[in-house]
1. Can you list the residues, at least 5 places off or on another chain, whose amide H is less than 5 Å from the amide H of Val46, using H built in the peptide plane?
2. Give the angle, between 0 and 90 degrees and rounded to the nearest 10, that separates the Cα long axis of helix 152-161 from the longest principal axis of the Cα atoms of the chain.
3. Please rank His275, His38, His186, fewest neighbouring Cβ atoms within 10 Å first, as an exposure proxy.
4. Among the lysines, which have Cα under 17 Å from the Cα of Lys157 when same-chain residues fewer than 8 positions away are ignored?
5. Along its principal axes, what span do the Cα atoms of region 209-380 show, with the longest given first and each in whole Å?
6. Could you give the distance between the Cα centres of region 33-65 and region 86-124, to the whole Å?
7. Taking other Cβ within 10 Å of each residue's Cβ, how do Asp52, Asp267, Asp143 sort, fewest first?
8. Across region 37-46, in residue order, what do the Karplus-derived ³J(HN,Hα) couplings come to in whole Hz, using 6.51 cos²θ - 1.76 cosθ + 1.60 with θ = phi - 60° and x for Gly and Pro?
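Bear in mind that the values in this text are calculations on the coordinates, not laboratory data. Model, not experiment: these values are computed from the prediction. Heads up, the Cβs are rebuilt from the backbone with ideal geometry, glycines too, and the neighbour counts pull from every protein chain shown.
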Amino acid sequence: MNELSTAGLLEEFKARFPRAGKVQAVRAPGRVNLLGEHTDYNQGFVFPMAIDAGIQIAGELNGTGRVNLYSLNYAAKESFLLEEITPSKSNTWVNYIKGVVWQFQKLGLQPQGADLVIQGNVPQGAGLSSSAALEVAAALLLDALHGWGLGAVDLVKLAQKAENEFVGVACGIMDQFASMLGQKDHALFLDCRSLEYEAVPLPLEKQGYAVAVVNSGVRRGLAGSEYNTRRQQCEEAVQRLQNELPGVESLRDVSLVDLSLVNQLPDPLARRARHVVMENARVQQGVTALKAGELEEFGRLLTASHKSLRDDYEVSCAELDLLVELALEVPGVLGSRMTGAGFGGCTIALVPQTSLPAFEKTVSEEYQRRTGIQPEIFVFRPAPGARIITEADPQS
């Protein structure tokens, strides 16, 4: 579904809620992670960029104790009472909104009933954080409608808790952070422990390159259970390493000079920990490379990240590996890797803009020939983070 203009979204809202008065609308982007996979819940470093695909919500308070929702993508409506917020088993997309409202209640605030219309164009099930965009959009809109004035980082933490505690996915904070605080033409270098961040300019367009994102068409069926297993394995690795490194609280505290100790851990703990330690280093090296304009080095780090995710962290799959292999066969491509939790979803590649037609043709045709799946290929630009939108907004 193509994204509606703000005017179109407001028209849809008024068609479903004809007595609408002062309606507000927000937009929150999805994200693609350039480097730093499975490091966020290990209190490490990540390097995501917000993308120019997102979730929009129009809404207003309705003076009742009920929240009424309509999803344009699903052509589905849902409703829930503020005093009875429980997970929905039929329309699971509603749980992201419910979780946000519930978290506001847990803060001691008193959300009022509201009417909301939701529409988005982030590919779902592809690891581009449509869920985080929905949570962030809902948090920003409800905060604006009530005039609470919470800060951006507070809303990020609330959105993450909604997914952790209500939806039941033990995600780190990267996705919500990138959706809220992304900047146009930049990626975010984020320290997931301190939440300090730096917007790093992306010199891609200036040097004639683009970030191509390829959706494998494989839904991430194993991602949930295996994700939790990886978290447990990382925690166990930390416990064992504390015998030799007593100051270590998480794998973030293990440096490259400690790799010999990491490699002595029993398998698969050694491989899991090695990935996280080296991936944290790759993020820092990648930021340094981009600041120096060294795109070839940045591309090399992307490919090294994929090999580590494939061999040490074991969260890739045959289809993702094939997409990376095909991307690297296209002349001029500097690097490629899977992005997101893994077991399906997307890959990214650093492609010369002049080679994009050849990239799309080669990857699409060969992938379909070898898997029977038609991949989706997107070229996303680094976009601004979540914001209240108006009809005059040039990006709405």
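1. Leu190, Cys192
2. 80
3. The fewest-first ordering by Cβ neighbours comes to His186, His38, His275.
4. Reachable lysines: Lys98, Lys106.
5. Extents along the principal axes: 53, 39, 22 Å.
6. Between the Cα centre of region 33-65 and that of region 86-124, the gap is 15 Å.
7. By the 10 Å Cβ count, ascending, the order reads Asp267, Asp52, Asp143.
8. 9, 6, 9, 5, 7, 9, 6, x, 10, 9
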